[in-house]
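The values are calculated or read from the model by the stated rules, or taken from the named source; none is laboratory data. Note that this is a predicted model, so its numbers are computed, not measured. Positions of Cβ are backbone-derived with ideal geometry, glycine not excepted, and every protein chain shown enters the neighbour counts. Ligands, DNA and RNA are stripped out before the accessible areas are found, and what is left, the full protein with its side chains, is counted by its heavy atoms. Shrake-Rupley method; radii C 1.70, N 1.55, O 1.52, S 1.80 Å.
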Amino acid sequence: MTAAAGHLLLDGAASGPWNMAVDEALLETADGIWLRFYGWSEPTLSLGYFQSIVDRREHRASRDCSVVRRSTGGGAILHDRELTYSLVLPHAHPLAGTPEQLSLAVHTALLAALRVFDLPARLHDACGPRCSQPALPTAMSRSLEPFLCFQRRANGDVLLGDAKIGGSAQRRRKQAVLQHGSILLETSAYAPELPGIRAISGREISATDLASQFVEQLQARLELSLRPVTSAEIPAATHAYTADLIGEKYAHLDWTTRR
């Protein structure tokens with residue numbers, strides 16, 4: 001089968017509102033396949049779409065960090081010493097059909113990338129051998145979950161030892177699906193309870209080196225052929241929509257404090 005052509009965007013460090021706006025703008029306006037890696041200009045707490053802004057007070061270590069609300073669900077993430085990615089696929093892609101298919105493919109590619117560095121990561125099995133279907137979350141079960149995403153466990157999360165080092169979330173539209181996620185490289189002073197790869201294994205891996213291996217594995221497993229592009233090559237409509245999203249949504253207090 002011929003590999004599907006796509007774009008590889010290596011962004012630098014930017015603010016929380018900018019990063020979230022670009023992800024959504026690519027989902028909503030850009031054609032084709034986009035894989036984006038990006039950093040954060042300062043330690044930033046991203047709240048899951050359904051989380052209450054009041055709950056962030058419970059996490060003392062990150063109280064002084066900037067905060068942004070994601071368009072995807074799940075627990076809060078402290079973005080600091082990590083590799084962050086987003087992947088946009090059109091629904092026509094074979095792996096875009098269900099959330100489970102895409103998540104499994106991406107996380108399996110990450111496992112293969114980590115094995116290059118002799119890191120024996122694995123996927124979390126929430127069910128285990130005694131159940132065939134995971135229980136659907138209820139409002140009560142969600143309220144009892146830890147505040148931080150990396151203290152939660154879901155089927156397919158990436159674990160190193162007993163610690164979660166990789167997680168993701170999705171947002172779907174009629175024409176495309178977005179999956180974005182984080183891989184913890186080192187422990188952050190703003191989330192000291194979360195060990196990264198270095199604390200667990202003693203291995204210091206740069207975001208650049210891990211991204212390079214991750215790209216190779218994603219291209220092979222998702223049958224992609226990704227061409228490196230710069231931000232200047234993002235469609236004009238996407239740039240314009242990014243600016244609108246920053247001003248009207250992600251940098252706006254009403255969005256951040258809506259819950």
> Taking the stretch 64-99 only, how many residues are among the hydroxyl-bearing types (Ser, Thr, Tyr) and either over 19 Å from the mean Cα position of the chain (by Cα) or open to solvent by 10 Å² or more (accessible area, probe 1.4 Å) (or both)?
Replying inline: 3
> Given the conditions (1) touching a helix residue (DSSP H, G or I) at 6+ places or on another chain (Cβ under 7 Å); (2) in contact (Cβ under 8 Å) with a residue 24 or more places away in the chain; (3) more than 16 Å from VAL88 (Cβ to Cβ), and given that GLU216 satisfies all but one, which numbered condition is not satisfied?
Replying inline: (1)
> Hey, LEU119 hits all of (1) modelled with pLDDT under 95; (2) touching a Leu at 6+ places or on another chain (Cβ under 8 Å); (3) within 16 Å of LYS164 (Cβ to Cβ); (4) not β-branched (Val, Ile, Thr) but one; which does it fall short on?
Replying inline: (1)
>> Pull out all pairs, ordered by first then second residue, where Cβ-Cβ is under 9 Å, the residues are six or more apart or on different chains, the first lies in the stretch 73-95 and is free of Cβ contacts under 8 Å to residues at least 40 places away in the same chain and more than 15 Å from TRP34 (Cα to Cα), and the second is open to solvent by 10 Å² or more (accessible area, probe 1.4 Å) and part of a strand (DSSP E or B).
In response: none
>> Given the criterion hydrophobic (A, V, I, L, M, F, W, C), out of contact with any helix residue (DSSP H, G or I) (no Cβ under 6 Å at 6 or more places or on another chain), open to solvent by 30 Å² or more (accessible area, probe 1.4 Å) and more than 30 Å from PRO146 (Cα to Cα), identify the matching residue among ALA61, ALA3.
In response: ALA3
> With respect to the numbered conditions (1) outside any strand (DSSP E or B); (2) farther than 18 Å from ARG259 by Cβ; (3) touching a residue at least 60 places away in the same chain (Cβ under 8 Å), which one is the sole condition not fulfilled by GLY32?
Replying inline: (3)
>> Could you go through the stretch 171-185 and let me know if any residue there is aliphatic (A, V, I, L, M), open to solvent by less than 70 Å² (accessible area, probe 1.4 Å) and either in a helix (DSSP H, G or I) or touching a Phe, Trp or Tyr at 6+ places or on another chain (Cβ under 7 Å) (or both).
In response: yes
> Would you call ALA30 crowded, with 17+ Cβ neighbours inside 10 Å, of a type in the set (Gly, Ala, Ser) and modelled with pLDDT under 95?
Replying inline: yes
> Given the residues SER206, SER188, SER201, which is the only one that is out of contact with any strand residue (DSSP E or B) (no Cβ under 6 Å at 6 or more places or on another chain) and closer than 16 Å to TRP40 by Cβ?
Replying inline: SER206
> Scanning for something open to solvent by 40 Å² or more (accessible area, probe 1.4 Å) and within 27 Å of ILE234 (Cα to Cα), does the stretch 102-125 turn up at least one residue?
Replying inline: no
> Tally time: how many residues in the stretch 43-58 are open to solvent by less than 10 Å² (accessible area, probe 1.4 Å) and within 23 Å of GLU28 (Cα to Cα)?
Replying inline: 3
> For the stretch 221-259, how many residues meet the condition of being assigned to a helix (DSSP H, G or I), closer than 22 Å to ALA96 by Cα and either open to solvent by less than 70 Å² (accessible area, probe 1.4 Å) or of a type in the set (Phe, Trp, Tyr) (or both)?
Replying inline: 1
> Name the pairs: first residue in the stretch 229-244 and within 13 Å of LEU27 (Cβ to Cβ) and in contact (Cβ under 8 Å) with a residue 12 or more places away in the chain, second residue open to solvent by less than 60 Å² (accessible area, probe 1.4 Å) and assigned to a helix (DSSP H, G or I), Cβ to Cβ under 6 Å, at least 6 apart or on different chains?
Replying inline: ALA237/THR29; THR238/ALA25; THR238/THR29; TYR241/ALA25; TYR241/THR29; THR242/ALA21; THR242/VAL22; THR242/ALA25
>> Return the pair list, or none, for Cβ contacts closer than 6 Å from residues in the stretch 168-187 that are among the acidic types (Asp, Glu) to residues that are surrounded by 19 or more Cβ atoms within 10 Å (Cβ to Cβ), at least 6 apart or on different chains.
In response: GLU186/ARG81; GLU186/GLY196
